[in-house]
Amino acid sequence: MAEETPKPVGRDFSKGIELASLPEGGMLVGHLGKETVLLVRSDAGIFALSAHCTHYHGPLAEGLVVGGTIRCPWHHACFDLRSGEALRAPAFEPLACWKVEQQDGKIFVRERMPKPRANLRGTAEAPGKIVIVGGGAAGFAAAEMLRRLDYRGEIIMFSDDTAPPVDRPNLSKDYLAGSAPEEWVPLRPDAYYAENGIELRLGVRIGSVNPHNREAVLTDSGTLSYDRLLLATGSEPIRLGLPGAAPSDVFTLRSLADCRQIIARAQSARRVLVIGASFIGLEVAASLQARGLEVHVVAPELRPMEKVLGPQLGDVIRALHEERGVHFHLGNTVSAFEAGHATLKDGMRLEADFAVVGVGVRPRIQLAEAAGLTLDRGVVVNSYLQTSAPDIYAAGDIARWPDRHSGASIRVEHWVVATRQGQTAARNMLGLGEEFTAVPFFWSQHYDVSINYVGHAESWDELVVEGDLMARDGLVRFRRGGNTLAVASLFRDLDSLKAEAAMEQSAR
């Protein structure tokens with residue numbers, strides 16, 4: 001049976017709409033032929049763009065216009081209203097834009113506009129060769145931005161992974177749950193790198209970096225000179241030495257290969273033990289429960305993620321999982337795992353076919369340490385993401401930078417922060433002089449509920465709860481000294497975007 005052609009959404013913008021129907025600051029969804037189009041009226045003018053974010057197809061009409069930009073309600077991607085360019089990750093692809101005309105008090109949407117050309121501004125002499133160490137979020141975002149800015153020098157990216165850069169959040173969420181196919185996981189098709197002149201060397205480790213000679217030494221053989229180098233080595237999972245455990249029965253999740261192994265093991269299993277009530281641990285719990293496994297979570301804390309999200313949201317998250325049959329064993333640890341069962345510290349015995357460990361990660365700073373770079377529980381960078389060696393930059397999980405909003409030097413282990421830092425590092429390696437001022441953001445998905453978190457609060461003296469968290473409609477403001485440091489929300493997407501914009505404004 002042939003699929004039905006989707007019906008056009010909203011008004012036909014080619015026939016024109018009354019200017020009065022689009023008030024100042026307003027947005028309106030309509031169509032041009034089969035294309036769904038969003039009309040936006042801001043102080044800068046009237047613009048017609050694609051109605052959905054190029055990241056996960058979020059509805060931009062439910063987003064927020066800030067200055068000359070529009071922001072996605074789901075994961076805070078930011079686009080330029082005039083050009084459609086994806087200014088900030090997690091989106092990398094631009095929005096389509098259409099020409100807008102006004103005649104006789106009406107607005108008409110005309111032909112699609114061509115994609116704008118890159119306009120590289122910076123130092124007169126761009127570096128000839130840029131080396132990127134790391135094939136994760138920050139490394140990919142840097143390479144993509146360099147080519148987007150029309151940088152024409154060499155780009156060599158080293159990754160000790162065997163797979164090209166992937167959408168890592170998907171590994172613990174939809175892909176692991178079985179609701180997203182593997183073709184959604186790569187950030188770009190394999191051919192993208194060669195087609196864009198990015199030399200991607202997979203399965204290769206850098207043994208050391210010499211800042212004085214501007215050389216990188218490969219572990220297998222040879223050295224490689226560079227003009228600028230980006231350290232984007234990320235983090236590695238903390239592994240537990242469990243007495244009696246066979247390597248084939250205990251997993252961690254960081255790479256696509258890790259995820260494939262867990263999926264393969266889950267296909268013949270009935271019960272799984274998740275060690276750790278971290279973001280990764282509980283996302284794994286949700287995904288494996290969706291695959292029909294009986295899930296047990298063991299963690300030493302008394303509430304899931306209370307140190308990050310506070311007691312109220314910790315209780316909500318526990319309830320979300322327990323409603324779907326997940327069993328919690330909190331205030332406990334695993335003392336042994338063997339022969340299809342785990343023994344807990346209190347003596348309880350749990351049947352489990354395999355275990356997934358999600359107790360946190362460590363930044364991979366060995367290269368930076370050996371190179372003599374300044375460290376402080378991470379690699380210290382300035383507001384331009386430049387390390388103590390002027391030609392070496394750092395981005396992502398390893399970077400500790402001066403955060404304008406909190407006034408502290410912070411290090412954040414989240415995907416969106418890493419990609420945005422990779423983009424800023426790329427601009428600065430080309431001499432554009434852009435400070436990294438983005439407010440940290442992450443999201444965590446548990447079944448059909450997503451928690452959005454904007455800002456950064458390692459401690460607080462006040463929690464302000466708005467709405468009904470247990471009803472999945474509310475937010476928590478984390479405050480210290482009367483200032484809001486962070487906001488976590490459930491189905492309050494617009495409030496989350498407004499909080500982000502307010503934090504940006506307060507830090508200026």
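Going by what's in this entry, would Ala488 be described as under 18 Å from Pro304 (Cβ atoms) and out of contact with any Ser or Thr (no Cβ under 7 Å at 6 or more places or on another chain)? Working first, answer last.
Numbers: under 18 Å from Pro304 (Cβ atoms): yes; out of contact with any Ser or Thr (no Cβ under 7 Å at 6 or more places or on another chain): yes.
So Ala488 passes the test.
Among the residues of the range 56-64, some residue qualifies, meaning at least one is under 30 Å from Gln421 (Cα atoms), open to solvent by less than 50 Å² (accessible area, probe 1.4 Å), in a helix (DSSP H, G or I) and touching a strand residue (DSSP E or B) at 6+ places or on another chain (Cβ under 9 Å).
Within the range 404-452, track down each residue that is β-branched (Val, Ile, Thr), in contact (Cβ under 8 Å) with a residue 40 or more places away in the chain and either closer than 16 Å to Met145 by Cβ or in a loop (DSSP other than H, G, I, E, B) (or both).
Hits for the range 404-452 are Val412, Val416, Thr419, Thr424, Thr437, Val439.
Quick one: is Leu430 at positive phi and crowded, with 21+ Cβ neighbours inside 10 Å? So Leu430 fails the test. Taking the listed residues Leu49, Leu38, the one that is open to solvent by less than 50 Å² (accessible area, probe 1.4 Å), without any contact (Cβ under 8 Å) to a residue 40 or more places away in the chain and in a strand (DSSP E or B) is Leu38, with no other qualifying.
Inspect all residues belonging to the range 114-137 and state whether any of them is more than 26 Å from the chain's Cα centre (by Cα), of a type in the set (A, V, I, L, M, F, W, C) and closer than 30 Å to Glu18 by Cβ. Looking through the range 114-137, none of the residues is more than 26 Å from the chain's Cα centre (by Cα), of a type in the set (A, V, I, L, M, F, W, C) and closer than 30 Å to Glu18 by Cβ.
When Leu330 is tested against (1) of a type in the set (A, V, I, L, M, F, W, C); (2) in contact with a Lys or Arg (Cβ under 9 Å, 6 or more places away or on another chain); (3) open to solvent by 50 Å² or more (accessible area, probe 1.4 Å), just one condition goes unmet, and that condition is (3). Of all the criteria given as (1) buried (at least 17 other Cβ atoms within 10 Å of the Cβ); (2) touching a strand residue (DSSP E or B) at 6+ places or on another chain (Cβ under 7 Å); (3) under 20 Å from Glu413 (Cβ atoms); (4) not small (Gly, Ala, Ser), the one not satisfied by Arg362 is (1). The C-beta contact set for the range 480-508 (first residue of a type in the set (Phe, Trp, Tyr), second residue modelled with pLDDT of 95 or more, distance under 6 angstrom, 6+ apart or interchain) comprises Phe491/Arg472; Phe491/Asp473.
Of all the residues in the range 205-233, those that are assigned to a strand (DSSP E or B) and of a type in the set (D, E, K, R) number 2. Can you find even one residue in the range 281-297 that is open to solvent by 30 Å² or more (accessible area, probe 1.4 Å), part of a strand (DSSP E or B), of a type outside the set (Ser, Thr, Tyr) and over 26 Å from Val412 (Cα atoms)? Checking the range 281-297: at least one residue is open to solvent by 30 Å² or more (accessible area, probe 1.4 Å), part of a strand (DSSP E or B), of a type outside the set (Ser, Thr, Tyr) and over 26 Å from Val412 (Cα atoms).
Taking the criterion of being in a strand (DSSP E or B), open to solvent by less than 10 Å² (accessible area, probe 1.4 Å) and either among the β-branched types (Val, Ile, Thr) or under 20 Å from Phe442 (Cα atoms) (or both), would at least one residue in the range 312-326 satisfy it? So far as the range 312-326 goes, no, none of its residues is in a strand (DSSP E or B), open to solvent by less than 10 Å² (accessible area, probe 1.4 Å) and either among the β-branched types (Val, Ile, Thr) or under 20 Å from Phe442 (Cα atoms) (or both). Anything in the range 460-492 that is in contact with a strand residue (DSSP E or B) (Cβ under 7 Å, 6 or more places away or on another chain), outside any strand (DSSP E or B) and either of a type in the set (Lys, Arg) or open to solvent by less than 60 Å² (accessible area, probe 1.4 Å) (or both)? List them, or say none. Selection gives Leu469, Arg472, Arg492. When the test is whether a residue is open to solvent by less than 40 Å² (accessible area, probe 1.4 Å), at pLDDT 95 or above and outside any strand (DSSP E or B), Ala368 passes it.
The values are calculated or read from the model by the stated rules, or taken from the named source; none is laboratory data. It should be emphasised that the depicted structure is a prediction, and the values quoted were computed from it without experimental measurement. Here Cβ is always computed from backbone atoms with ideal geometry, including for glycine, and neighbour counts include all displayed protein chains. Side chains included, ligands, DNA and RNA excluded: accessible areas come from the protein's heavy atoms. Shrake-Rupley method; radii C 1.70, N 1.55, O 1.52, S 1.80 Å.
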